[in-house]
Amino acid sequence: MTTSSSAAMAISGTPTGSATALASVLIGLDAHPVRVEVTCNRGPGGFQLVGLAEAAVKEARVRVNGALAHLGVLLNAYAVTVNLAPADLRKSGAALDVAIALGVLAAVDFFDPRRLDGVLLIGELSLEGTLRPVTGVLPRLGGPREGIHTAIVPRGNSAEAGLSRGLRVLVADTLSQIVDHVRGGSPLAAVLPTEFVPQTCSTQGDLAEVRGQTTARASLEVAAAGGHNLLMLGPPGSGKTLLARLLPTVLPPLDLEEAIACTAIHSVAGTLPSATGVISERPFRAPHHSVSDAGLVGGGDFPRPGEVSLAHHGVLFLDELAEFRRSAIEALRQPLEDGRVCIARARARAWFPARPLVVAAVNPCPCGHWGHPRLKCQCTEFSRQRYRARLSGPLLDRIDIHVGVPPVEVAALLRKAGGESSAAVRARVTLARERQKHRSRKLFGAAHLNASLPSRNLEQIVHLDDASRAALEGAVTTLGLSARAFNKVLRVARTAADLEGAAEVNVQHIALAVQGRILDREPKH
């Protein structure tokens, strides 16, 4: 470790100096390069930091001063100016600390400034010079790499950094270790590629525990197989929440590409599991109905992902959908349609992927007993209409499957649990998904599930015979389906056929898909 006396000798020869270190900032998931330009002049002590820096960045001068003092480098005899270029790009967070500290050390001739060429520096500093992990390391490493051959990250981010490919990544515990490395001393250890082990979600339980609800179970399987959004309508206690929480258990494990996308989002949000640093199973998010618009779809002065993005490639469960604030659930319309969220602010615009499988549960009326075979509804017609009006037609139009979940019969409750297991259903779902991806790769050059297949390609995978066409035309006329709902019916019918291994869609598949539009017609008491 460098002593105070050797540090003083190292910086006493040249009264002025300059250096540049490389860092990056995130806007959404996009990494933007930042040049940390430092000049040091002999004179009255001072530390100026410019370049549209937020509060956490401005506070870096305190952390950097403390860390450098721990190395024996005192800056009270220097006027230090740090410019974060480009100046019109907002900088936030503490991930610039290491770059600022090394830029200052190079500017006072602690080491040759050229040793920082091509090195991306990421990390927060403690006052003692310890490197602390930061958010967003994976997307930073995946950003623009022109002129960058090496990155240095805190050891706490090593598992996440191990998912990055094509860049030499080194880890450090302290600032002194990095200084020793750039001065030609002990080299830093390289990050080992993170071994990805996909995990099947089994902590929620097993589908075999569900008693009755044959129709709801079948709808759950179709939704899982095609990536279709699902709305369950039924009285309290009918099993809607249980079915939704069991949905992840019938989904196939994440593949590596999906895991990297999920890890990047959770890294930016600061929700990565500290034990592993990697998202290895499909996310399940269940926000309370009091969630704000920004909490659900993302937002903030400096854009952050919301629940719909944190559930990307997983399940977003919206329990008591009618109790969510109207503006929040209406904000879901764009991600349900496009699979991503755009957050626009005066000084920043960010995109976050948002393609979860959305499952919502709702009661038929405020008291929950409208249509119940044994209990009488206590609501007035006006209150029922007002309650139903909380779910707008455009939102319901974007949900592929609507299924009624009636009260469970006593006989079913008394039977021992012995239904089909999650593993058995997951095997069929996985096979159906493989059929869809193989077909779309062969026809269109990219893997898609039926729910996310571009509409222009839909007619190439759904070929209707005369009976199926007649059944579909009758349903559209009777229910008054929109063009979007019409396409939803075709997508669900194609998924039903894929689950059976059928080459073509038949009238039974159309009938099943049409039954999944129950909220397009007025329910009866």
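The values are calculated or read from the model by the stated rules, or taken from the named source; none is laboratory data. Since the model is a prediction, treat every value here as computed from it, not as a measurement. Note: ideal-geometry Cβ built from the backbone for every residue, glycine included; neighbour counts use all protein chains shown.
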Residues being part of a helix (DSSP H, G or I), of a type in the set (A, V, I, L, M) and touching an Asp or Glu at 6+ places or on another chain (Cβ under 6 Å) - total across region 389-437: 2
Matching entry among 38, 57, 82 (being assigned by TED's automatic domain parsing to the domain that holds residue 172, closer than 16 Å to residue 17 by Cα and in contact with a Lys or Arg (Cβ under 8 Å, 6 or more places away or on another chain)): 82
Hits in region 300-323 (condition: closer than 30 Å to residue 364 by Cβ and among the small types (Gly, Ala, Ser)): 306, 311, 314, 322
Does region 338-355 include one or more residues that are in contact with a Cys (Cβ under 7 Å, 6 or more places away or on another chain), more than 29 Å from residue 492 (Cα to Cα) and surrounded by 16 or more Cβ atoms within 10 Å (Cβ to Cβ)? no
So in region 294-311, with the set limited to residues that are touching a strand residue (DSSP E or B) at 6+ places or on another chain (Cβ under 7 Å) and either assigned to a helix (DSSP H, G or I) or not assigned by TED's automatic domain parsing to the domain that holds residue 348 (or both), which one is farthest from residue 331 (Cα to Cα)? 310
If you scan region 216-256, which residues turn out to be of a type in the set (Asp, Glu) and either at pLDDT 95 or above or in a helix (DSSP H, G or I) (or both)? 221
Of the residues in region 378-393, those that are of a type in the set (Ser, Thr, Tyr) and either surrounded by 12 or more Cβ atoms within 10 Å (Cβ to Cβ) or not assigned by TED's automatic domain parsing to the domain that holds residue 327 (or both) come to 383, 387, 392
Out of curiosity, is residue 516 surrounded by fewer than 20 Cβ atoms within 10 Å (Cβ to Cβ) and either closer than 30 Å to residue 374 by Cα or of a type outside the set (D, E, K, R) (or both)? no
Some residue of region 231-250 being surrounded by 17 or more Cβ atoms within 10 Å (Cβ to Cβ), within 21 Å of residue 422 (Cβ to Cβ) and touching a Cys at 6+ places or on another chain (Cβ under 7 Å): yes
Just one listed residue, out of 408, 362, is in contact with a Gly (Cβ under 9 Å, 6 or more places away or on another chain), closer than 21 Å to residue 245 by Cβ and surrounded by fewer than 17 Cβ atoms within 10 Å (Cβ to Cβ), and it is 408
Sole residue being under 32 Å from the mean Cα position of the chain (by Cα), in a helix (DSSP H, G or I) and β-branched (Val, Ile, Thr), chosen from 476, 489: 489
Can you find even one residue in region 230-239 that is under 21 Å from residue 281 (Cβ atoms) and not polar (S, T, N, Q)? yes
Name the helices (runs of 4 or more DSSP H) wholly inside region 103-215 in which the number of residues that are acidic (Asp, Glu) is 1 or more. 158-161, 175-182
Tell me, which residue of region 405-445 that is among the small types (Gly, Ala, Ser) and touching a helix residue (DSSP H, G or I) at 6+ places or on another chain (Cβ under 6 Å) is nearest to residue 222 (Cα to Cα)? 432
Across region 438-473, which residue is farthest from residue 358 (Cα to Cα) among those that are touching a residue at least 24 places away in the same chain (Cβ under 8 Å) and outside any helix (DSSP H, G or I)? 465
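Yes/no matrix, rows are residues, columns are (1) over 17 Å from residue 509 (Cα atoms); (2) in contact with a Ser or Thr (Cβ under 9 Å, 6 or more places away or on another chain); (3) among the hydroxyl-bearing types (Ser, Thr, Tyr):
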position: 438; (1), (2), (3): yes, no, no
position: 447; (1), (2), (3): yes, yes, no
position: 450; (1), (2), (3): no, yes, no
position: 457; (1), (2), (3): yes, yes, no
position: 461; (1), (2), (3): no, yes, no
position: 464; (1), (2), (3): no, no, no
position: 467; (1), (2), (3): no, no, no
position: 473; (1), (2), (3): no, no, no
Out of 360, 446, sole residue that is closer than 22 Å to residue 515 by Cα, within 25 Å of the chain's Cα centre (by Cα) and aliphatic (A, V, I, L, M): 360
Tally up the residues in region 398-440 that are modelled with pLDDT under 95 and among the basic types (Lys, Arg), please. 3
Scanning region 11-24 residue by residue, those modelled with pLDDT under 95 and buried (at least 18 other Cβ atoms within 10 Å of the Cβ) turn out to be 11, 17
Which numbered condition in (1) closer than 22 Å to residue 219 by Cβ; (2) of a type outside the set (Lys, Arg); (3) in contact with a Phe, Trp or Tyr (Cβ under 7 Å, 6 or more places away or on another chain) is the only one that residue 457 fails? (1)
The listed residue being in the same structural domain as residue 157 (by TED's automatic domain parsing), farther than 26 Å from residue 304 by Cβ and under 27 Å from the mean Cα position of the chain (by Cα), out of 242, 170, 231: 170
Kindly indicate which of 463, 525 is surrounded by fewer than 13 Cβ atoms within 10 Å (Cβ to Cβ), at pLDDT 90 or above and of a type outside the set (Asp, Glu). 463
